[in-house]
Amino acid sequence: MYEGVVQDLIDELGRLPGVGPKSAQRIAFHLLQADPADVHRLAAILNEVKAKVKFCSVCFNVSEEETCRICRDPRREPSVLCVVEEYKDVVAIERTREFRGRYHVLGGAISPIDGIGPDQLRIRELVQRLNDPAITEVILATDPNLEGEATATYLTRQLGPLGLKVTRLASGLPVGGDLEYADEVTLGRAFAGRRAAE
Ligand SMILES: [Zn+2]
């Protein structure tokens, strides 16, 4: 245990995802020794990102405006909607340049162990969006792991009766991982080779 504010800093850093107690300590001591200007810049960007960045009211992508750049772009195909777990998946798919439609960000995946069920995800909002007759295909691009599969299976059942074309990414993605870890070529291929969901 360190004194007062130093321990507070270690505790706060330790609450970040993927930062264990050892790393928290290392980062804290790095900050203590760093140039004050560098630390001020970090503090300023943390405040700025929280003040400026919101979620798109249509697709729940990260956005600086009421709706995100992709939802506002009139050149995007209005007929195809790609369902992903997280914002970072949008970034990964955009990198492939294979997809020209719009997105829907669920905000996670079904995971009973973590207490996340369908109600904790933005599935109701998705179903509501699908009332738009312009949308004819939904691509389920959840992660190729247990939770992602469970989510895609659940969505296939929910969306089936709506009479839309529901597709899944082709296999070939590294199983067990996150979509974002797939390289552009593999992910691009998985998009091009998508198949009807069962
Ligand atoms: Zn959007």
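The values are calculated or read from the model by the stated rules, or taken from the named source; none is laboratory data. Because the structure is a prediction, the values reported are computed rather than measured. Cβ: placed from backbone, ideal geometry, glycine included. Neighbour counts: every protein chain shown. SASA here: full protein model, heavy atoms, side chains in, ligands and nucleic acids out. Shrake-Rupley method; radii C 1.70, N 1.55, O 1.52, S 1.80 Å.
Test of understanding: among Glu98, Glu149, which residue is of a type in the set (D, E, K, R), open to solvent by 60 Å² or more (accessible area, probe 1.4 Å) and touching a helix residue (DSSP H, G or I) at 6+ places or on another chain (Cβ under 6 Å)?
Unique residue meeting the criteria: Glu98.
Quick one: which residue in Ala170, Ala141 is surrounded by fewer than 20 Cβ atoms within 10 Å (Cβ to Cβ) and touching a helix residue (DSSP H, G or I) at 6+ places or on another chain (Cβ under 9 Å)?
Step by step, each of Ala170, Ala141 is checked, and only Ala170 is surrounded by fewer than 20 Cβ atoms within 10 Å (Cβ to Cβ) and touching a helix residue (DSSP H, G or I) at 6+ places or on another chain (Cβ under 9 Å).
Which is out of contact with any strand residue (DSSP E or B) (no Cβ under 8 Å at 6 or more places or on another chain), under 27 Å from Tyr181 (Cα atoms) and within 16 Å of the ligand (Cβ to nearest atom), of Gly101, Gly107?
On inspection, the qualifying residue turns out to be Gly107.
Of all residues in the range 110-131, which are touching a residue at least 12 places away in the same chain (Cβ under 8 Å), among the acidic types (Asp, Glu) and out of contact with any strand residue (DSSP E or B) (no Cβ under 9 Å at 6 or more places or on another chain)?
Matches in the range 110-131: none.
Since Phe191 meets every condition but one in (1) assigned to a loop (DSSP other than H, G, I, E, B); (2) in contact with a helix residue (DSSP H, G or I) (Cβ under 7 Å, 6 or more places away or on another chain), which condition does it not meet?
Every listed condition holds for Phe191 apart from (1).
Out of the range 101-123, which residues are surrounded by fewer than 13 Cβ atoms within 10 Å (Cβ to Cβ) and closer than 18 Å to Leu146 by Cα?
Those that are surrounded by fewer than 13 Cβ atoms within 10 Å (Cβ to Cβ) and closer than 18 Å to Leu146 by Cα: Pro112, Ile113, Asp114, Gly115, Gly117.
So in the range 1-33, with the set limited to residues that are more than 29 Å from the chain's Cα centre (by Cα) and among the β-branched types (Val, Ile, Thr), which one is most open to solvent (accessible area, probe 1.4 Å)?
By that ranking, first place goes to Val5.
Among (1) touching a Lys or Arg at 6+ places or on another chain (Cβ under 8 Å); (2) away from the ligand (no atom under 16 Å from the Cβ); (3) not small (Gly, Ala, Ser), there is one condition Met1 misses while meeting the rest; what is its number?
Against the list (1) touching a Lys or Arg at 6+ places or on another chain (Cβ under 8 Å); (2) away from the ligand (no atom under 16 Å from the Cβ); (3) not small (Gly, Ala, Ser), Met1 comes up short only on (1).
Has the range 149-163 got at least one residue that is in contact (Cβ under 8 Å) with a residue 60 or more places away in the chain, under 27 Å from Thr186 (Cβ atoms), out of contact with any Cys (no Cβ under 7 Å at 6 or more places or on another chain) and part of a helix (DSSP H, G or I)?
yes
If a residue must be away from the ligand (no atom under 14 Å from the Cβ) and either more than 18 Å from the chain's Cα centre (by Cα) or surrounded by 10 or more Cβ atoms within 10 Å (Cβ to Cβ) (or both), how many such residues does the range 34-74 contain?
Within the range 34-74, residues that are away from the ligand (no atom under 14 Å from the Cβ) and either more than 18 Å from the chain's Cα centre (by Cα) or surrounded by 10 or more Cβ atoms within 10 Å (Cβ to Cβ) (or both) number 18.
Taking the criterion of being open to solvent by 50 Å² or more (accessible area, probe 1.4 Å), within 12 Å of the ligand (Cβ to nearest atom), closer than 19 Å to Gly188 by Cα and in a helix (DSSP H, G or I), would at least one residue in the range 75-87 satisfy it?
Within the range 75-87 (the criterion being open to solvent by 50 Å² or more (accessible area, probe 1.4 Å), within 12 Å of the ligand (Cβ to nearest atom), closer than 19 Å to Gly188 by Cα and in a helix (DSSP H, G or I)), the answer is yes, since at least one residue qualifies.
Can you name every residue in the range 30-59 that is in contact (Cβ under 8 Å) with a residue 24 or more places away in the chain, in a loop (DSSP other than H, G, I, E, B) and out of contact with any strand residue (DSSP E or B) (no Cβ under 7 Å at 6 or more places or on another chain)?
Val58, the sole residue that qualifies.
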